[in-house]
Amino acid sequence: MSGFALDWLDLRAPADRAARSMALARRLAAWTGGAPLAAVDLGAGAGATVQALAPLAPRLRWLLIDADAGLLAEARRRTGARTARADLSAPDEVERLLAGARVVAASAFFDLCSEAWIARFVRALPRDAAVLAALTYDGRERWSPADPAEPAALAAFHAHQRRDKGLGPALGPDAAPTLARMLRAAGWSVSAAPSPWRLGAGDAALIAALADGAAAAVGETGALTAPTLERWRLARRAARQVEIGHVDILALPPG
Ligand SMILES: C[S@@+](CC[C@H](N)C(=O)[O-])C[C@H]1O[C@@H](n2cnc3c(N)ncnc32)[C@H](O)[C@@H]1O
């Protein structure tokens, strides 16, 4: 139901692992003090967040939440964690699922969310919970060599990113600053760190998938003519160096 295929999540997993801010993850782990705190992962997919954090905070008691039952089955197989299938856009779901959580994590999730949803999330957050929002897309991309259509295509891609992905009109590249601002306003102590993908010679399959996926999205906007779209897609596929910007945010609770 979510449209996030396991193949895609697995293809991006090595780049995600390399990109995560381990400094922020270690600070979260230090904050937990090694205690067996209740932790939830929003939009957990196949369990990548738990796999990344388990070596640093092995005693967290995870509940993995996603709308996709197939991904959650895989997450259970990979992590052994408890899972709950839920549509986080449904009334009262985020409030219900966050109740009692001391650690709230998400990876590659908040850019799908609207401003209203993030405001609701911050209101629902228990006052003693820490948040680690990893790998939120920040809109910065560098493809080299770049096709002349790159700026127009990227702008169209961002416009597509802002479409409703099920959680209201998505913030896309504005999600991380919005989340940080709202958490700060609510009293959390927020730190941010860049977590870009830096792709090169060994990442041809991911680069090709990104090129094709972005071309499909830009094609839906009608911003480029068909020949320009195809030329740009092929140029992206042939790129030798690619940087895709993400941000990780750690928010420690008031007091
Ligand atoms: C880009 S994937 C990230 C998955 C995982 N966190 C990772 O880093 O590999 C986004 C995830 O959010 C989930 N998702 C999207 N909309 C959702 C919703 N309304 N309710 C629950 N989960 C949702 C998708 O099913 C998908 O697994």
Name every residue in the stretch 29-46 that is aliphatic (A, V, I, L, M) and either touching an Asp or Glu at 6+ places or on another chain (Cβ under 6 Å) or within 16 Å of the ligand (Cβ to nearest atom) (or both), in order of residue number.
Ala39, Val40, Leu42, Ala44, Ala46
Going by the structure shown, is Thr49 part of a strand (DSSP E or B) and either under 19 Å from Ala251 (Cα atoms) or among the β-branched types (Val, Ile, Thr) (or both)?
no
So for the stretch 158-173 (the condition being under 30 Å from Ala35 (Cα atoms), under 16 Å from the mean Cα position of the chain (by Cα) and more than 13 Å from the ligand (Cβ to nearest atom)), does at least one residue qualify?
no
Test Val50 against the criterion of being surrounded by 14 or more Cβ atoms within 10 Å (Cβ to Cβ), over 30 Å from Ile207 (Cα atoms), within 15 Å of the ligand (Cβ to nearest atom) and in contact (Cβ under 8 Å) with a residue 12 or more places away in the chain, and give yes or no.
no
Among strands (runs of 3 or more DSSP E) entirely inside the stretch 58-118, those with 1 or more residues being more than 22 Å from Pro36 (Cβ to Cβ) are 61-66, 82-85
If you go through the stretch 78-109 one residue at a time, how many are near the ligand (Cβ under 9 Å from one of its atoms), among the hydroxyl-bearing types (Ser, Thr, Tyr) and surrounded by 21 or more Cβ atoms within 10 Å (Cβ to Cβ)?
1
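No value in this document is a laboratory result; all are computed from the given coordinates. This structure is a prediction, so every number in the text was calculated from the model and none was measured. Neighbour counts run over all protein chains shown; Cβ positions are idealised from the backbone, glycine included.
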